[in-house]
Amino acid sequence: MDVIGVIPARYGSTRFEGKVLADIHGKPMIQWVWEAAKKAKILDEVIVACDDKRIEEAVKSFGGKAVFTSKEHICGTDRICEVVNPLEVKVIVNIQADEPLLDPVMIENVARPLLDNPALNMATLMKRIDGPQEASDPNVVKVLTDKNGLALYFSRLAIPYQQDKSVRAVYYKHIGLYAYTKDFLFIFKNLPESYLEKMEKLEQLRVLEAGFKIKVIETKVSTIGVDTPEDLEKAKKVIS
């Protein structure tokens, strides 16, 4: 296979337990994500990597493929590695289980560069920020890239800092959809937690600090990540 999508889904979310099974207009959230991923023509297969029988049963009930993984995993990356380890596949897309407004175009955009350019190991997305509120919000991760679209840095701060007010400030927020080559996925899994990662609480900084590159593709599409019951209500309103 060339590209597969894996949706790591755990039940015990700290801020919103069981959110992946939260009802959105008659369907669990994980079904909205799975159905969107299935529309991405670049994916040869979509797998839900879960840690709870309730999620596994829900996925199978709507015809999805679920793989039960260890409850000991501390992050989604470890869960994905368990699923893909025995598979012959070139590229893996890490699809967040709490993004019911996922657009399949985003999956196409993040995976295609890794197929077209064998020199790339990892890719993600960014979207231009329109207002100052998002730029200053530490919950909105910002990203800077070089002229080749490779990430220079990710931060919760508004970067770059606008020292010269005569220069128009342009900010981009990071969209947490990732694609990796299979080989690099296991390199990433085994990298030690880095200083910058600990400071910003951003796992992708581990990659940059270790000297690897991340391709960043601009997208016009935005989503709503569901971290709280309030986020769920926002997503319901947008969908309706």
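The values are calculated or read from the model by the stated rules, or taken from the named source; none is laboratory data. Since the structure is predicted, the reported quantities are computational estimates derived from the model, not experimental observations. Cβ placement follows ideal geometry from the backbone for every residue including glycine, while neighbour counts extend to all protein chains displayed. The area values use the complete protein model at the heavy-atom level, side chains included, leaving out ligands, DNA and RNA. Shrake-Rupley method; radii C 1.70, N 1.55, O 1.52, S 1.80 Å.
Return an integer: the convex hull volume of the alpha-carbon atoms of segment 54-133, in Å³ per residue. Don't skip to the answer; put the middle values down first.
On the way: hull volume 14.0 nm³, N = 80.
Each residue corresponds to 175 Å³ of Cα convex hull volume.
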Just need log10 I(q)/I(0) for the chain at q = 0.09, 0.12 Å⁻¹, Debye formula, equal scatterers on the alpha-carbon atoms, no solvent, rounded to two decimals.
-0.37, -0.68
With both bridge residues required to lie in the chain, what share of the DSSP beta bridges run antiparallel, to the nearest 5%?
50
Give me the angle, in degrees from 0 to 90, between the Cα long axis of helix 229-239 and the longest principal axis of the Cα atoms of the chain, rounded to the nearest 10.
90
Connecting C-alpha atoms closer than 10 Å in a GNM of the chain, tell me which of Tyr11, Tyr180, Tyr161 has the biggest fluctuation.
Tyr161
Report, ordered by chain and residue number, the aspartates and glutamates lying within cross-link reach of Lys234, taken as a straight Cα distance under 15 Å and ignoring same-chain residues fewer than 8 apart.
Asp23, Asp98, Glu99
Most fluctuating of His73, His174, His25 in the GNM of the chain (C-alpha, under 10 Å) is His25
Rank Ile47, Ile7, Gln31 by how far each Cα sits towards the positive end of the charge dipole of segment 1-71 (+1 on Lys, Arg Cβ; -1 on Asp, Glu Cβ) and give me just the farthest.
Gln31
Rounded to a whole %, the carbon-and-sulfur portion of the accessible area of segment 182-240 at a 1.4 Å probe is 52
Calculate, for segment 122-240, the solvent-accessible area per residue in square angstrom, rolling a 1.4 angstrom probe over the heavy atoms of the protein chains.
56
Loop trypsin sites (Lys or Arg not before Pro), segment 170-216, which have at most 11 other Cβ atoms in a 10 Å radius of their Cβ (DSSP):
Lys201
What are the GluC sites (Glu not before Pro) within segment 164-240 that DSSP puts in a loop, where the Cβ has at most 13 other Cβ atoms within 10 Å?
Glu193
Sulfur and carbon atoms: percent of accessible area, segment 23-133 [1.4 Å]:
48
Looking at the calculated P(r) for segment 153-240, what percent of the C-alpha pair distances fall above 20 Å?
55
Segment 1-116 shape via C-alpha gyration tensor axes, a/c threshold 1.5
oblate
Any idea how far the Cα center of segment 126-200 sits from the one of segment 1-61, in Å?
26
In whole Hz, with x marking every Gly and Pro, tabulate ³J(HN,Hα) for segment 31-48 from phi via Karplus 6.51 cos²θ - 1.76 cosθ + 1.60, θ = phi - 60°.
6, 4, 5, 4, 5, 5, 5, 5, 7, 6, 5, 6, 7, 7, 7, 10, 10, 9
Trypsin sites (Lys or Arg not before Pro), restricted to segment 17-49: which are DSSP loop and have at most 11 other Cβ atoms within 10 Å?
Lys41
Quick check on my link table: of Lys173/Lys201; Lys65/Lys215; Lys189/Lys213; Lys53/Lys236; Lys27/Lys127; Lys19/Lys215, which ones sit more than 23 Å apart, alpha carbon to alpha carbon?
Lys65/Lys215; Lys53/Lys236; Lys27/Lys127; Lys19/Lys215
Name the shape class, rounded, prolate or oblate, that the alpha-carbon gyration tensor gives for segment 100-166, where a ≥ b ≥ c are the square roots of its eigenvalues, rounded holds for a/c under 1.5, and otherwise prolate holds if a/b is larger than b/c and oblate otherwise.
oblate
Summing +1 per Lys or Arg and -1 per Asp or Glu among the other residues with Cβ less than 11 Å from Glu200's Cβ gives +2
